[in-house]
Amino acid sequence: EENRKSVREMIRAIDESSRTAGQLLDHAMVTFRTDNLADETVDLSELVTDVVERLSPLSDLKDIEIAILKLEPVAIKGDAILLQSALHNILDNAIKYSSGQTQVALSLTKQDGFADIVISDSGPGFQDGDSEALLKRYARGQNAEGVVGSGLGLTIVDEVMRAHGGSITLTNNTGGGACVTLSFPLG
């Protein structure tokens, strides 16, 4: 039993180190690409579908369904790789913080000159006062204890959104869970 405990701790440490190294590389890539932002037409509905498909094995492991509730056709100018990275970070967090046999809901809508990607989960949500602080480098929420993470995911998302003239909004769902809105200006 003592050996099993040691092996579990080693696996967790390796997982955490690997995740941190990956996030550091992602952050460096985001920093470089925002300085040289690509200006291509990006189909957000296609991007959403692709990221959901890529994360399906992870969500299946946790028995979490990623449900696309609404997917309006939306195209924006921007950097597809950065946008994919931002959405991947948000969905990865939603899966990571949700308990099994739940749902992560996602929608892409257009209204009032903006395209909004809204991701809602059934996890613990954001603690009061955490929202702005969580966008800072290496910041982790008060409820992140025991969850592997580097504190860079939301920083990456915030930087990508600002580079595209958009914003990220962190709120809680009425019945519990987190809700993240990525809002892009159209035209």
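The values are calculated or read from the model by the stated rules, or taken from the named source; none is laboratory data. Remember, it's a predicted structure, so these values are computed and weren't measured experimentally. Cβ: placed from backbone, ideal geometry, glycine included. Neighbour counts: every protein chain shown. Heavy atoms of the whole protein, side chains included, go into the accessibility calculation; ligands, DNA and RNA do not. Shrake-Rupley method; radii C 1.70, N 1.55, O 1.52, S 1.80 Å.
Testing ASN173 on (1) farther than 17 Å from GLN84 by Cβ; (2) at pLDDT 80 or above; (3) within 16 Å of the chain's Cα centre (by Cα), one condition comes back false. Which one is that?
Result: ASN173 passes all but (3).
So, in region 57-89, exactly how many residues are buried (at least 18 other Cβ atoms within 10 Å of the Cβ) and either touching a Gly at 6+ places or on another chain (Cβ under 8 Å) or acidic (Asp, Glu) (or both)?
The first filter runs over region 57-89 and keeps only residues buried (at least 18 other Cβ atoms within 10 Å of the Cβ), leaving 59, 64, 66, 74, 76, 78-79, 82-83, 85-89.
Now restrict to residues that are either touching a Gly at 6+ places or on another chain (Cβ under 8 Å) or acidic (Asp, Glu) (or both): 64, 79, 89.
Residues in region 57-89 being buried (at least 18 other Cβ atoms within 10 Å of the Cβ) and either touching a Gly at 6+ places or on another chain (Cβ under 8 Å) or acidic (Asp, Glu) (or both): 3 in total.
Please pick out the residue among LEU82, LEU61, LEU25, LEU55 that is in contact with a strand residue (DSSP E or B) (Cβ under 8 Å, 6 or more places away or on another chain) and not polar (S, T, N, Q).
Working: LEU82 fails: in contact with a strand residue (DSSP E or B) (Cβ under 8 Å, 6 or more places away or on another chain); LEU61 fails: in contact with a strand residue (DSSP E or B) (Cβ under 8 Å, 6 or more places away or on another chain); LEU25 fails: in contact with a strand residue (DSSP E or B) (Cβ under 8 Å, 6 or more places away or on another chain).
One residue alone meets the criteria, LEU55.
Look through ASP15, ASP35, ASP39 and report the one residue that is open to solvent by 50 Å² or more (accessible area, probe 1.4 Å) and under 14 Å from LEU83 (Cα atoms). Before you say what the answer is, go through the steps one by one.
Values: ASP15 fails: under 14 Å from LEU83 (Cα atoms); ASP35 fails: under 14 Å from LEU83 (Cα atoms).
So the residue among ASP15, ASP35, ASP39 that is open to solvent by 50 Å² or more (accessible area, probe 1.4 Å) and under 14 Å from LEU83 (Cα atoms) is ASP39.
Does TYR138 count as modelled with pLDDT under 90, within 16 Å of the chain's Cα centre (by Cα) and either aliphatic (A, V, I, L, M) or open to solvent by 70 Å² or more (accessible area, probe 1.4 Å) (or both)?
Values: modelled with pLDDT under 90: yes; within 16 Å of the chain's Cα centre (by Cα): yes; either aliphatic (A, V, I, L, M) or open to solvent by 70 Å² or more (accessible area, probe 1.4 Å) (or both): yes.
Here the answer is yes, as TYR138 does meet what is asked.
Condition first: over 21 Å from LYS62 (Cα atoms), surrounded by fewer than 15 Cβ atoms within 10 Å (Cβ to Cβ) and in contact (Cβ under 8 Å) with a residue 24 or more places away in the chain. Now tell me which residues in region 98-129 satisfy that.
THR109, LYS110, GLY113
Quick one: ILE90 ticks every box in (1) among the β-branched types (Val, Ile, Thr); (2) closer than 20 Å to PRO185 by Cβ; (3) free of Cβ contacts under 8 Å to residues at least 40 places away in the same chain bar one, so which box is it?
Only one criterion in (1) among the β-branched types (Val, Ile, Thr); (2) closer than 20 Å to PRO185 by Cβ; (3) free of Cβ contacts under 8 Å to residues at least 40 places away in the same chain is unmet by ILE90, namely (3).
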